[in-house]
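A.B. asks: Following this message is one structure expressed as structure tokens.
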Amino acid sequence: MIEELETIDEFLARHSTDVQDALREAAAAEIMPRFRRLAAHEVDQKSGPHDLVTDADRNAELHLTRVLEALLPGSVVVGEEAVHADPTTYEAIQGDAPVWIVDPVDGTRQFVQGDDGFCTLVALARRGVVLASWTYAPARDQLATAVRGGGAHLDGERLLAGPPAPGRDLEIATSHPDYTTDEQKRALLGLSADGFAPRACGSAGLEYLAVARGELDATAFSWEAAWDHAAGLLLVEEAGGIHLTVAGEPFRITGGNVLPFTAARDGATARRVLEALTAGA
């Protein structure tokens, strides 16, 4: 395992900038030319009206798949749109090969509405451990990166979440009700108590970035799709935050988590959120 991680570390030392370039190129070629210019035939629904896919999602994922697999021979891509087409491809996250976990447009609903609150997410993982991540918001020209053990950065500046200011309500981004079970809804209602200021989440990747920047205190999410969480969870960890499920365990990208879960800017905040979620359930 040490040799494998050293190999990945060497790869990241040589090619992290190449991954950043791939994100920028995919956005420039497939995403931004369609931003605020989408035709009706370029937008489809998947599971419902809040689960959209566009030609930008599909084409950007294809672009990233070609480039990333070529950058790291033997790696595989698990992308949101490929998994929608063939759910069995998700199983690669649990395999031995290095895995690129890709969400080509995280916040597709915002993208379709012409809102700049969307991003492209890429994480590199192996055997369920996220080793590096990239969060690129092309309409805002922001690029956040994280390397396990190497810190989190936004446009080259180190990110440190830090604890929230004492005495104020905790601001928490929560799952959209359409994506929660009745039991999860009850748990999330625990955040209606005094001391919390919950709101519906936007792009998950940008919410994680806000936690890592210390602009948002925590998230409380109730779904497991790795492409939404892998990049941001490492970003939060490397900025000094933590993530925990209501079972008190770190969230696993391989699945089987007890939900909901939180990612918070520090341990005390995470524990407060978990207590509220448990009380709601």
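Coordinate-derived values only; no laboratory data. As the structure is a prediction and not an experimental result, all values here were calculated from the model. Backbone-built Cβ (ideal geometry, glycine too); neighbour counts: all protein chains shown.
A.B. asks: Quick one: grab the alpha carbon gyration tensor of the range 67-147, order the square roots of its eigenvalues as a ≥ b ≥ c, and give me rounded if a/c is under 1.5, else prolate or oblate depending on whether a/b is larger than b/c. Let's see the in-between values first.
C.D. replies: Working: a/c = 2.48, a/b = 1.53, b/c = 1.63.
It is oblate, given that a/c is not under 1.5 and a/b is not larger than b/c.
A.B. asks: On to the next question. With +1 on each Lys and Arg Cβ and -1 on each Asp and Glu Cβ, how big is the dipole of the range 107-148 about its Cα centre, in debye rounded to the nearest 20?
C.D. replies: Working: 5 positive and 3 negative charges, 74 e Å.
That gives a dipole near 360 debye.
A.B. asks: Based on Cβ point charges of +1 for Lys and Arg and -1 for Asp and Glu, what charge dipole magnitude is obtained for the chain about its Cα centre, in debye rounded to the nearest 20? Mind showing how you got there, number by number?
C.D. replies: On the way: 23 positive and 44 negative charges, 114 e Å.
For this selection, approximately 540 debye.
A.B. asks: First check a/c for the range 140-179, with a ≥ b ≥ c the square roots of the eigenvalues of its C-alpha gyration tensor; if it is under 1.5, answer rounded, and if not, answer prolate when a/b is larger than b/c or oblate otherwise.
C.D. replies: oblate
A.B. asks: Still on this model: Which residue, chosen from Gln94, Leu23, Leu170, occupies the Cα position most advanced towards the positive end of the dipole of the chain, where the dipole is computed from +1 (Lys, Arg) and -1 (Asp, Glu) charges on Cβ about the Cα centre?
C.D. replies: Comparing the listed Cα positions along the dipole, Leu170 ranks first.
A.B. asks: Using a/c under 1.5 as the rounded threshold, could you call the range 1-154 rounded, prolate or oblate? The axes a ≥ b ≥ c are square roots of the C-alpha gyration tensor eigenvalues, and prolate needs a/b larger than b/c, oblate otherwise.
C.D. replies: Values: a/c = 2.21, a/b = 1.55, b/c = 1.43.
Because a/c hits 1.5 or more and a/b exceeds b/c, the range 1-154 counts as prolate.
A.B. asks: Under a point spin-label approximation (7 Å from Cα along Cα-to-Cβ), what is the Val76-Asp115 distance to one decimal in nm?
C.D. replies: 3.5
A.B. asks: How large is ³J(HN,Hα) for each residue in the range 259-275, as worked out from phi by the Karplus curve 6.51 cos²θ - 1.76 cosθ + 1.60 (θ = phi - 60°), to whole Hz, x for Gly and Pro?
C.D. replies: So the Karplus estimates, Gly and Pro as x, are 10, x, 9, 10, 10, 10, 6, 7, x, 4, 5, 4, 5, 4, 5, 4, 4 Hz.
A.B. asks: Above 14 angstrom, tally the Cα pairs of the range 212-281 and express them as a % of all pairs, no decimals. Don't skip to the answer; put the middle values down first.
C.D. replies: On the way: 1258 of 2415 pairs.
When all Cα pairs of the range 212-281 are counted, 52 percent exceed 14 Å.
A.B. asks: Taking amide H atoms as placed 1.01 Å from N in the peptide plane, list the residues 5 or more away in sequence, or in a different chain, whose amide H sits under 5 Å from that of Val77.
C.D. replies: Trp100
A.B. asks: So if each residue of separation counts as 0.36 nm, and I subtract the Cα-Cα distance between Ala13 and Asp96, what length gain in nm does that give? Display every interim value, and only then the final one.
C.D. replies: Numbers: separation 83, 0.36 × 83 = 29.88 nm, distance 2.13 nm.
Extra length available between Ala13 and Asp96 comes to 27.8 nm.
A.B. asks: To the nearest 20 debye, what charge dipole does the range 131-281 have about its Cα centre, counting +1 at the Cβ of each Lys and Arg and -1 at the Cβ of each Asp and Glu? Write out the running numbers ahead of the final one.
C.D. replies: Values: 12 positive and 19 negative charges, 32 e Å.
Roughly 160 debye, rounded to the nearest 20.
A.B. asks: Distances over 24 Å make up what percent of all Cα-Cα pairs in the chain?
C.D. replies: Values: 18482 of 39340 pairs.
That fraction is 47 percent.
A.B. asks: Another question, then. Please turn the phi angles of the range 58-64 into ³J(HN,Hα) values with the Karplus equation 6.51 cos²θ - 1.76 cosθ + 1.60 (θ = phi - 60°), one per residue in order, whole Hz, x for glycine and proline.
C.D. replies: With the stated coefficients, the range 58-64 comes to 5, 6, 5, 5, 4, 4, 5 Hz.
A.B. asks: Here is a further query. Between Arg168 and Gln142, what is the label-to-label distance in nm when each label sits 7 Å out along the Cα-to-Cβ direction?
C.D. replies: 1.7
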